[in-house]
Amino acid sequence: MKISLYSLIATLASVLAMVACGGSGSSSVKFENSADSLSYVVGMNIAYNVMKMDSTLRPEVIVAGLSDALQGKEKITLEEGKFYLLSYMNYEVYERVRKYEDQYLTDLAAGDKDIVRTRTGLTYKVGELGNMSNTATHPRDTVAIMYTAKNMAGAEVDPVAERPDTLRTTLMKLTEGISEGVKLVGQGGKITLWIPSHLAYGAAGDETKGIKPNEMLCYEVEIIEVKRRNRR
């Protein structure tokens, strides 16, 4: 269940009004001055932050916590609160994301015999093998690649294809998922990669590239050139 943004904002506003009036306020909030407008914006900001969590959190309990805190009647201590929040961020979100990704990739592979999953969770489909006598295998090998990247909603992210040149870098500077995938084909090869979030940008995401936290990505990669470092 995703929380309705507007219903949450309305509920927050209602509770704030009731708290301010000793519990007898109306759900209709009137802005009498700039402080009232600012107060409302603070409530909106709380709602926006809750929406970003994209979870099954219950709006009425969120509102109860806000109301109790404003009245100094918290039912959970700050230390307990920190524990619950850290547990949620470090374990529960991670576990939900991993389960969703695992099921998605399992179903994907079941529908196409050419799709393969590795032990790390990377899922791929080779379009063209390319020159397998010239593959990048060492972390310091340099590759020139072109790629398009999309999230699971189909929106393009990290638009490297719009740059005037290909991306030229060493394997060690690529994300784990791309680095692993590039090793599977040679120069001139093409490969589709479905990269779980832990092999992509993880819980941090990358706002500059349009990548959200815990987001699985799909890459279409072409290996333009491989330059292997000298092997001793």
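The values are calculated or read from the model by the stated rules, or taken from the named source; none is laboratory data. No experiment lies behind these values; they were computed from the predicted model shown. Don't worry about glycine lacking a Cβ; one is built from the backbone with ideal geometry, like all the others, and counts go over all protein chains shown.
Observations on the structure shown:
- Look at the stretch 30-48: where a residue is closer than 13 Å to Leu66 by Cβ and a partner is outside any loop (DSSP other than H, G, I, E, B) and small (Gly, Ala, Ser), sitting 6+ places away or on another chain with Cβ atoms under 6 Å, you get Gly43/Ala13.
- Residue satisfying all of: in the stretch 98-129; hydrophobic (A, V, I, L, M, F, W, C) and assigned to a loop (DSSP other than H, G, I, E, B); surrounded by the most Cβ atoms within 10 Å (Cβ to Cβ) among these: Leu122
- Qualifying residue in the stretch 222-230 (condition: within 28 Å of Tyr94 (Cβ to Cβ) and modelled with pLDDT of 90 or more): no
- Taking the criterion of being more than 16 Å from the chain's Cα centre (by Cα) and closer than 20 Å to Ile178 by Cβ, the residues of the stretch 80-113 that qualify are Leu105, Leu108, Ala109.
- Taken over the stretch 121-135, residues that are at pLDDT 95 or above and in contact with a helix residue (DSSP H, G or I) (Cβ under 8 Å, 6 or more places away or on another chain) amount to 3.
- Qualifying residue in the stretch 167-189 (condition: in a strand (DSSP E or B), within 30 Å of Lys52 (Cβ to Cβ) and modelled with pLDDT of 95 or more): no
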